[in-house]
1. For D46 and A84 in one chain, what is 0.36 nm times their gap in residues minus the Cα-Cα distance, to one decimal in nm?
2. To the nearest 0.05, how large is the calculated FRET efficiency for F95 and A39 if R₀ is 30 Å and r is the Cβ-Cβ distance?
3. In region 41-103, what chymotrypsin sites (Phe, Trp or Tyr not before Pro) fall in a loop by DSSP, with at most 13 other Cβ atoms inside 10 Å?
4. For labels at S17 and E121 in the simple 7 Å Cα→Cβ model, what's the distance in nm?
5. Report the extension gain between K129 and V53 in nm, rounded to one decimal, defined as 0.36 nm multiplied by the number of residues separating them, less their alpha carbon distance.
Amino acid sequence: MSDALYPLHQRINTDLSQLKDHDTVDLVVIGSGGAGFSAALNAAIDGARVLLVERMAHVGGTTALSGGVLWIPMNPHGRKQNPADTADAVRRYNFLSAAGEVKGEYVVTSINATTELKSPEAFAALPLKTALNCN
């Protein structure tokens, strides 16, 4: 792990005095939770100069405190464990777990968004371009 990563109980430096009045960035991301941090990290990997803003005293926002998990279906790491991780399997799982609570078109839309946004590929690139260990 990088020395730059702080444990949750340690406060991070929120002093923005190092920013100058005319500094520019390519992307400002508000919130360092799961979605915000992922967006900022992938933009930085692609070469963008990113400013990630978090109001809480620790990186990760409320996601860091949630105890939740991240599910990215059809990613290469998951497929090593379960080669049957396909769009059809994800669709069946979502339909069964929703138990009639979610309209079918929403399930299909979420699966299409996962593949169109290249979520599995973006997740697979993280260990190649960062210190993240997905094993």
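Bear in mind that the values in this text are calculations on the coordinates, not laboratory data. All figures in this text were calculated on a predicted structure; none of them were measured in a lab. Reconstructed Cβ throughout: ideal geometry from the backbone, glycine too, with neighbour counts over all protein chains shown.
1. Stretched out fully, the D46 to A84 stretch lengthens by 10.6 nm.
2. According to the calculation, E is roughly 0.55.
3. Answer by residue number: W71.
4. Output for this residue pair reads 4.5 nm.
5. 25.2 nm
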